[in-house]
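The values are calculated or read from the model by the stated rules, or taken from the named source; none is laboratory data. Every value quoted in this text rests on a predicted model; they were computed, and no experiment measured them. For neighbour counting, all protein chains shown are included, and Cβ atoms are generated from backbone atoms with ideal geometry for every residue, glycine included.
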Amino acid sequence: MPAYLAAMYADSQAELAGAPSGTVRADINAGSHLYTMMFSALDTCALFDVIPAEDVSRLRAGRGAAHIGQALVNVASYWDDNDGALAGNSPVKSTHRSQCVELGNKLVMEVKPKSAHPRTDPAIEAADDRANRQWTLLVNDYEEVEKAGFEIWGNHYRDHVPPLQSRVVPKKAAPANPSTPPAPPLEPPPAPAPATDKS
């Protein structure tokens, strides 16, 4: 595959990975519908001075899918705290509040705002970039290093120019107190006796 096609394919896969999945999209759509319904009820109650309008504005403040999830959880909690004033003044039932808690917590876990990702120190990013560039140059030119090593040391060039990503594995030391003592060395057989002259 040509390099530019590989780069285009990698970019497309990165975009797909960053987009919400079908399940998350469905949860966002359901959360948006529930969000609209709950805040419509709260706006009506605020219009008739059942609850302060400032409370509704505070609960609504924010934007994005992550905010919808957190707002649903907050609305359910607010409704429980003010159930005495809201009861009988809204078509919202306990099942709707349970849906707010369940779906809101789910969205909070599924969708993370961009601001939730920690920022890296620019100096660290620059150092990482330099290290990556140096490693790329080394990989691209290491064949020339191996050729030079072969010219200098011949077939023993691997003793001086190891393959990339290789490492020296130290030999394991012999145990200090072996469980069984080593067998004694074999002794040579005794020399034959010299022959005697019987004449």
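Worth a mention:
- Counting the residues of the range 126-166 that are acidic (Asp, Glu) and either surrounded by 11 or more Cβ atoms within 10 Å (Cβ to Cβ) or part of a loop (DSSP other than H, G, I, E, B) (or both) gives 2.
- Identity of the residue in the range 22-39, among the polar types (S, T, N, Q) and surrounded by fewer than 12 Cβ atoms within 10 Å (Cβ to Cβ), that ends up farthest from Ala76 (Cα to Cα): Thr23
- Selection status of Val145, at pLDDT below 75, on the phi < 0 side of the Ramachandran plot and hydrophobic (A, V, I, L, M, F, W, C): no
- All positions within the range 80-108 that are of a type in the set (A, V, I, L, M, F, W, C) and without any contact (Cβ under 8 Å) to a residue 24 or more places away in the chain: Ala87
- Of all residues in the range 56-72, those that are without any contact (Cβ under 8 Å) to a residue 60 or more places away in the chain have Cβ atoms under 8 Å from Cβ atoms of residues that are assigned to a loop (DSSP other than H, G, I, E, B) and crowded, with 16+ Cβ neighbours inside 10 Å, 6 or more apart or on another chain, in Gly64/Val111; Ala65/Val111; Ala66/Val111; Gly69/Val111.
- So Ile51, is it of a type in the set (Val, Ile, Thr), touching a helix residue (DSSP H, G or I) at 6+ places or on another chain (Cβ under 9 Å) and at pLDDT below 90: no
- Number of the exception - Ser32 against (1) part of a helix (DSSP H, G or I); (2) of a type outside the set (Lys, Arg); (3) modelled with pLDDT under 90: (3)
- Some residue of the range 52-62 being in the same structural domain as Ala26 (by TED's automatic domain parsing), at positive phi, surrounded by 10 or more Cβ atoms within 10 Å (Cβ to Cβ) and not in a helix (DSSP H, G or I): yes
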